[in-house]
Amino acid sequence: MTVFNIPLDAPNIGELEKEFVIRALESGYVSSVGPMVAEFEERFASYVRVSHAVATVNGTAALHLALRLLDIGPGDEVIVPALTFIATVNPVLYVGATPVVIDVDPLTWNIDPVEVEKAITEHTRAIIPVHLYGNPADMCRIVELARKYNLFVVEDATEALGATYEGRFTGTFGHIGVFSFNGNKVITTGGGGMLVTDDSVLASRARLLVNQGRVPGVIEYEHVEMGYNYRLNNLQAALGLAQLERLPEFLDAKRRNTALYRKLLQERSGLKWQCEMEESVSNWWLFSILIEPDKFGAGRNDVMEKMKSAGIQVRPLFMPLTKQPAYNRYNMNECPVADFLHKNGINLPGTSLLKEEDIRQVCQVLLEVK
Ligand SMILES: *Cc1c(COP(=O)(O)O)cnc(C)c1O
């Protein structure tokens, strides 16, 4: 494992986390039978202001559950953006549905509503907007399209905890919203996820499905439908409760990181970054730049090389779904915007552990690349 002086997305774990996890260990509740799971769900629901939150083993599992809950399956089409992590779309295949991959907006880097409308057919059942790197997608127009064509919206808010659109938290606009607590996300439980909804019928069924389809509260092992072992455990929930308390601190740190990056980089020609819509406030999970090689004088690979040798951890943006070998049997239209962003974009260090000197150093190395 390479150790970097300046990490990209390392978790921020402190005394509070230790205290909570020790409390869970001492209670003897280490599995998903434990009081902290329900407590974490309640606190999370009240933070994002939804009626129901169901904790899961990770964000991918929560996305899979979401599609099961909406009875999406073979013959159904689900619209997804080309520029995202593969976990947005793998669950579409888990349920046997067909992903319809569309291009993103060049400014927000998120699913383009104009492309969404063009892609809708009589088989379309759902749209999965992703709030990429924490930047809210155009939820007003996506919700409007969903109403007009009678579609479900499953929000992939895995990267966007704490981001808002028109003052409301991302993840709460769709029929179902999904969050991730992987080690690299805004808050972590090691691995973990959360499914949120305002629909009590969907929430009750989610509680069945995460636990092998078992009827809760009865002594018999009675299973009313095929489910999964997708529950979060008490140790993870303990970690989550501590992290949730510290979330405001993490959000402040990420927004501070971004403000400093922008200030230090704004003069240099050939550098751009993701834009927030007027209605949006990003959580700035990962600040990412776009390099225009002609104007900047060097390409993204040169920049990545220089960063790596300076001990700074950076990454290319996600490879578009249209370029994924695992997906080449699907008939997909070209997505030139996603391709352009992937070819020229880099995630810069964005962890809440960064100090001002770290960001100054990243910018100095970046600005010296020739
Ligand atoms: C992290 C992530 C997921 C999946 O979450 P896991 O908890 O890692 O399973 C899904 N979609 C996007 C866009 C992500 O970044």
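Remarks
- Residue list for region 20-44, filter: open to solvent by 20 Å² or more (accessible area, probe 1.4 Å), in a helix (DSSP H, G or I) and closer than 17 Å to residue 208 by Cα: 38, 41
- Selected residue [over 25 Å from residue 338 (Cβ atoms), buried (at least 24 other Cβ atoms within 10 Å of the Cβ) and either without any contact (Cβ under 8 Å) to a residue 24 or more places away in the chain or within 14 Å of the ligand (Cβ to nearest atom) (or both)] from 226, 194: 194
- Of everything listed in (1) closer than 28 Å to residue 207 by Cα; (2) more than 16 Å from the ligand (Cβ to nearest atom); (3) open to solvent by 10 Å² or more (accessible area, probe 1.4 Å), the single unmet condition for residue 86 is (2).
- Residues satisfying the stated conditions in region 91-141, i.e. aliphatic (A, V, I, L, M), away from the ligand (no atom under 16 Å from the Cβ) and touching a helix residue (DSSP H, G or I) at 6+ places or on another chain (Cβ under 8 Å): 97, 100, 116, 120
- Considering region 109-145, the residues that are open to solvent by 10 Å² or more (accessible area, probe 1.4 Å) and aliphatic (A, V, I, L, M) include one that is nearest to the chain's Cα centre (by Cα), namely 143.
- Matching residues in region 45-80 - criterion: being touching a residue at least 24 places away in the same chain (Cβ under 8 Å), open to solvent by 40 Å² or more (accessible area, probe 1.4 Å), away from the ligand (no atom under 11 Å from the Cβ) and out of contact with any strand residue (DSSP E or B) (no Cβ under 6 Å at 6 or more places or on another chain): 47, 49, 51, 68, 75
- Residue list for region 352-370, filter: outside any helix (DSSP H, G or I), under 23 Å from residue 294 (Cβ atoms) and open to solvent by 30 Å² or more (accessible area, probe 1.4 Å): 370
- Index of the failed condition, residue 174 passing every other in (1) surrounded by fewer than 24 Cβ atoms within 10 Å (Cβ to Cβ); (2) closer than 30 Å to residue 103 by Cβ: (1)
- The set of residues in region 324-351 being more than 16 Å from the ligand (Cβ to nearest atom), at pLDDT below 95 and open to solvent by less than 90 Å² (accessible area, probe 1.4 Å) consists of 330, 332.
- Figure legend. Inter-residue proximity from region 307-318: first residues without any contact (Cβ under 8 Å) to a residue 40 or more places away in the chain and more than 13 Å from residue 7 (Cβ to Cβ), second residues open to solvent by 30 Å² or more (accessible area, probe 1.4 Å) and within 16 Å of the ligand (Cβ to nearest atom), beta-carbon distance below 7 Å, spacing 6+ or different chains. Indicated pairs: 316/342.
- Any hit, region 170-188, residues being under 18 Å from residue 40 (Cβ atoms) and either charged (D, E, K, R) or at pLDDT below 95 (or both): yes
The values are calculated or read from the model by the stated rules, or taken from the named source; none is laboratory data. Since we're looking at a predicted model, the values are computed, not measured. Here Cβ is always computed from backbone atoms with ideal geometry, including for glycine, and neighbour counts include all displayed protein chains. The area values use the complete protein model at the heavy-atom level, side chains included, leaving out ligands, DNA and RNA. Shrake-Rupley method; radii C 1.70, N 1.55, O 1.52, S 1.80 Å.
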